[in-house]
């Protein structure tokens, strides 16, 4: 099969690979669509994903396709089923798995991170990680179930009311998903901090009450601040913009060496609650439902579509392509 293989830091090649052997509990998925995540770019530049990455590896943890082969002991999935893949695999035996915090698993594996993923024509996955999708759902939508699942996990960490003033820092794909979920809660207002002028119209369409430049965002005091960028300046802005008693969700993925400057007195005096959010435990099925029912729109948020042969050049030049959300279609 043809696959885009990450050979090392900033080194990707499209190669013909032999088919992987199939264990009794695994299936082969013919990939139809695969999202390119910001985490894929982190990995491409030598940083870890949800777990440590050891090239050569086929990236792509946002994927959907058709089951074309099943292992001998598979009973929950059939050949021909259309599926979306939850990439995360937990050991089930560490202290975190045993205390119902599987996403913090000490031995976390993930499709497209520790084992070959969706940037190839076929992908071998555990049957337990396959979720059937409804007929009306496109493969592009099904590939974007995983990022929505991650957003749902973060969304569950904040508390909103009809009086909440919300600031979302970052109007890219993840910020756009958060915006839709927050808006459904009938909050007092939702402000989005986003410097790119070309994103403003869509953000207003998705429900933003105001779209402001980051340099002006600190003028707003918010009860809930959701940071979706992962840069030092945006995380520091999140803390500064939180009102007394405010909640700050640091969702954007930063590089491991990133540090921020925050005055502890500000956290103390404003009695802030600051939380992080990692991957998508038990949210995949709900994310499928939200997309299928058009509660959350994802397909119109796609800005770029690529073919597999384009990936080495695309990954090398990604920051200059002005991508909001990209998918690979097969």
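Only residues that are surrounded by fewer than 12 Cβ atoms within 10 Å (Cβ to Cβ) and touching a residue at least 12 places away in the same chain (Cβ under 8 Å) were counted across region 234-257, and they come to 3. Of the set (1) in a helix (DSSP H, G or I); (2) closer than 30 Å to residue 85 by Cβ; (3) out of contact with any strand residue (DSSP E or B) (no Cβ under 6 Å at 6 or more places or on another chain), all apply to residue 182 but (3). Scanning region 197-246 for residues being touching a strand residue (DSSP E or B) at 6+ places or on another chain (Cβ under 7 Å) and in a strand (DSSP E or B) gives a total of 12. In summary, strands (runs of 3 or more DSSP E) completely within region 111-177 and bearing 2 or more residues that are in contact (Cβ under 8 Å) with a residue 40 or more places away in the chain, in contact with a strand residue (DSSP E or B) (Cβ under 6 Å, 6 or more places away or on another chain) and not assigned by TED's automatic domain parsing to the domain that holds residue 234 occur at 122-126, 130-132. In region 66-77 there is no residue matching the filter, namely being within 12 Å of residue 117 (Cα to Cα) and either at pLDDT 95 or above or surrounded by 14 or more Cβ atoms within 10 Å (Cβ to Cβ) (or both).
Hey, could you check region 297-323 for residues that are under 19 Å from residue 45 (Cα atoms) and touching a helix residue (DSSP H, G or I) at 6+ places or on another chain (Cβ under 6 Å) and say which is surrounded by the most Cβ atoms within 10 Å (Cβ to Cβ)? Per the stated criteria, the residue is 315. Every test in (1) surrounded by fewer than 17 Cβ atoms within 10 Å (Cβ to Cβ); (2) assigned by TED's automatic domain parsing to the domain that holds residue 117; (3) not in a loop (DSSP other than H, G, I, E, B) is passed by residue 287 save one, and that test is (1).
The values are calculated or read from the model by the stated rules, or taken from the named source; none is laboratory data. Everything quoted here is computed from the prediction, not taken from an experiment. Here the Cβ is made from the backbone with ideal geometry for all residues, glycine too, and neighbour counts use every protein chain on show.
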